[in-house]
Each structure stands twice: as C-alpha cells, then as structure tokens.
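One structure is given here, and the rest of the page talks about it.
The values are calculated or read from the model by the stated rules, or taken from the named source; none is laboratory data. If you're wondering where the values come from, they're calculated on a predicted model, not measured in any experiment. Cβ placement follows ideal geometry from the backbone for every residue including glycine, while neighbour counts extend to all protein chains displayed.
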Amino acid sequence: MWSSLRLGGAGLVRCESPHIKKKTLQQCACCGRSFQPEPRAAGRQRFCALPRCRKASRRLTKSRWMARPCNAFYNSGPEPLQRVRDWRKAHPGYWKRKPRQQTEPESIAILLTVLDEFALRNTCGALQIPWPPQLVVLLGLVARLQGTALRSTIAEEIRANMLAGYALLGIPYPYPEIAGTPS
C-alpha cells in the first residue's frame, strides 16, 4: 500500500491509504522495456509510447478487431461501397491535387510596367524636390515603424540602422565625424 507522512498530534505520522496504489511498471510487449502505464488504462496498456511500439499496438488492435466475425467484412460489400460512392459524389475533387496557378504573361507584363513607372525611376516626380523612390520608401517605413513623423526621430533611427548595417558588413562608416552614438 501507499503511505505518506502527515502531521498528527504526536508529530509526523505515517498514513496508509487503501485507495491509492503504488505506481507499478509494466514491460512493453513490443520492445521489452519497462514503462509506467497511463493510470486510467493501467490494467489494459501493454505497449510503451515509442513510435514503433505504438504502431505495433495499432496493428495488433486492428488484427483483433478484424478477426471478429461481425467485423470481418466491415469495409466490403454493397452498403460500404454505396456509402463511399455517395460521399465521393458529395465531395468532388477531394483527392485531386489542384494545379499550380501559373502566372500569366499579361500579369507579368503589367507588373513590369508598374515597376518601370514607379520603382525603377531615379526620382519621384510627384514631389517638388526630386528624391530617389528608395529613399522615400525608407522614410515612410521608418516613420510607420516609429509611429511618428518627427524628422529628428526618423534621422536617429536611420543613422542607427546605417551604423548597424556597416557593422554587420564589416565596413568602416564613411562619415566618422557625424557617426556619433544614436540616442
């Protein structure tokens, strides 16, 4: 029986509990290793949790189930066949692989036109001062990430990112006099 210590009137007292059993180990029917069975299935569990043992357990369970006379023809005969046919009719194309969507030449041409018009230009014509579109995108991105449009905050963030980029590449910063430490 299982016992525990409990504080009684005379100090620590060992209590025997008739309802709680000691944890027992069982030997796996597949690999032979000792394992502690799941408490709710301790009397029935005969395989440990290793993947090959779990497969062996499933094989044994299925073979036992199929060996019973009432289950021997469970998946054969006219009723299961009609059930499968009805399900397939209700779910057409379930097992068929969908073909990959090919990018049409028209969409590629449209994408190249858009890139040529906006992203690959040397300047953004909509602005009064001609700025490279890459710089405009960078400024917009930093402003969105920082949640502010303050020039000083954006400048500090860009400077810190530039310093980090040069450090990652192992290239000395070309403007040491303005490098400073970003605040």
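Please go through the range 57-77 and give me each residue that is outside any helix (DSSP H, G or I) and either outside the structural domain of Cys31 (by TED's automatic domain parsing) or basic (Lys, Arg) (or both), ordered by number. If you could, list the steps in order and put the result at the bottom.
First, the residues of the range 57-77 that are outside any helix (DSSP H, G or I): 68-77.
The answer is Arg68, and nothing else.
Just one of the numbered conditions (1) at pLDDT below 70; (2) outside any loop (DSSP other than H, G, I, E, B) is not true of Glu157; which one?
The one condition Glu157 does not meet is (1).
So which residues in the range 23-38 are part of a loop (DSSP other than H, G, I, E, B) and more than 14 Å from Pro51 (Cβ to Cβ)?
Passing the criteria: Lys23, Thr24, Leu25, Ala29, Gly32, Gln36, Pro37, Glu38.
Residues in the range 37-60 that are exposed (fewer than 11 other Cβ atoms within 10 Å of the Cβ) and among the hydrophobic types (A, V, I, L, M, F, W, C): how many?
Residues meeting the conditions: 1.
Between a first residue in the range 64-75 that is modelled with pLDDT of 90 or more and a second residue that is surrounded by 11 or more Cβ atoms within 10 Å (Cβ to Cβ), which pairs have beta carbons less than 6 Å apart while being 6 or more apart in sequence or on different chains?
Trp65/Asn71
Return a yes/no flag: does the range 78-93 have any residue that is among the aromatic types (Phe, Trp, Tyr), surrounded by fewer than 11 Cβ atoms within 10 Å (Cβ to Cβ), without any contact (Cβ under 8 Å) to a residue 60 or more places away in the chain and part of a loop (DSSP other than H, G, I, E, B).
no
Which number in (1) exposed (fewer than 13 other Cβ atoms within 10 Å of the Cβ); (2) in a loop (DSSP other than H, G, I, E, B); (3) modelled with pLDDT of 65 or more; (4) of a type outside the set (Asp, Glu) marks the one condition that Thr148 misses?
Answer for Thr148: the failing condition is (1).
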